1. For the stretch 14-50, which positions are under 13 Å from the mean Cα position of the chain (by Cα) and at positive phi?
2. Could you list, ordered by first residue, the pairs with Cβ atoms under 7 Å in which the first is in the stretch 22-35 and more than 13 Å from Val68 (Cα to Cα) and part of a helix (DSSP H, G or I) and the second is modelled with pLDDT of 95 or more and small (Gly, Ala, Ser), at least 6 apart or interchain?
3. Report, by residue number, each residue of the stretch 104-150 that is modelled with pLDDT of 70 or more, under 12 Å from Gly21 (Cα atoms) and surrounded by fewer than 17 Cβ atoms within 10 Å (Cβ to Cβ).
4. Looking at the stretch 96-115, which of its residues are of a type in the set (D, E, K, R) and free of Cβ contacts under 8 Å to residues at least 24 places away in the same chain?
5. Please count how many residues of the stretch 77-86 are under 17 Å from Glu38 (Cα atoms) and either free of Cβ contacts under 8 Å to residues at least 12 places away in the same chain or exposed (fewer than 13 other Cβ atoms within 10 Å of the Cβ) (or both).
6. Based on what the data block shows, is Gln92 part of a helix (DSSP H, G or I), among the polar types (S, T, N, Q) and touching a residue at least 40 places away in the same chain (Cβ under 8 Å)?
7. Kindly indicate whether Thr48 is closer than 24 Å to Lys129 by Cβ, free of Cβ contacts under 8 Å to residues at least 60 places away in the same chain, β-branched (Val, Ile, Thr) and not in a loop (DSSP other than H, G, I, E, B).
8. Test Val49 against the criterion of being surrounded by 15 or more Cβ atoms within 10 Å (Cβ to Cβ), within 15 Å of Ala11 (Cα to Cα) and touching a Leu at 6+ places or on another chain (Cβ under 7 Å), and give yes or no.
Amino acid sequence: MAGGRKKRVLASGVFDLVHLGHVLFLQDAKKAGGRGAELLVVVARDSTVKRLKGSLPILPEATRRGLVEALKPVDKSVLGSEMFDVSGIIKQYKPDVIALGHDQDPVAEIVERYIKMEKLPIKVVRIRKFGKEELNSSTKIKRRIVHSTR
């Protein structure tokens, strides 16, 4: 813990159509920092989502950021960089812990490579997948909506 501040946990994601899996992910992310940790969540920009997934999210970035910040475990949420700049985010927010979801393998590789290259004292934790529920992902929710309107 630098300078006596609370441990800072950094989590990130798209958070389109926020669901219980997102809330459980954020709860576990905050727990990864230990008692009294603060959770900062980086919400992906619309342009980043379009570039990586091929389509825009249902909810615009400002709405997604506001919804995430309103969740109980979250102390603060910010929009990510337009250029998906992992090193810039780490330099700016100086996390002690970075929490990654079970489905964030590409991000995990970039984060772990950067931390190792810079020899940073940042712990990376992977948060497990929650349940096998039918509606435990935004993609599944979108699919259900499409099928129910046919």
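The values are calculated or read from the model by the stated rules, or taken from the named source; none is laboratory data. These numbers were taken from a predicted model, which means no experiment stands behind them. For neighbour counting, all protein chains shown are included, and Cβ atoms are generated from backbone atoms with ideal geometry for every residue, glycine included.
1. Correct list: Phe15 only.
2. Sorted first by the residue in the stretch 22-35, then by its partner, the pairs are Ala29/Ala11; Ala29/Ala99; Lys30/Ala37.
3. Listed by number, the residues that qualify are Arg128, Lys129.
4. Result: Asp105, Glu109, Glu112, Arg113.
5. Number of matching residues: 0.
6. When the stated conditions are applied, Gln92 does not pass them.
7. yes
8. Here the answer is no, as Val49 does not meet what is asked.
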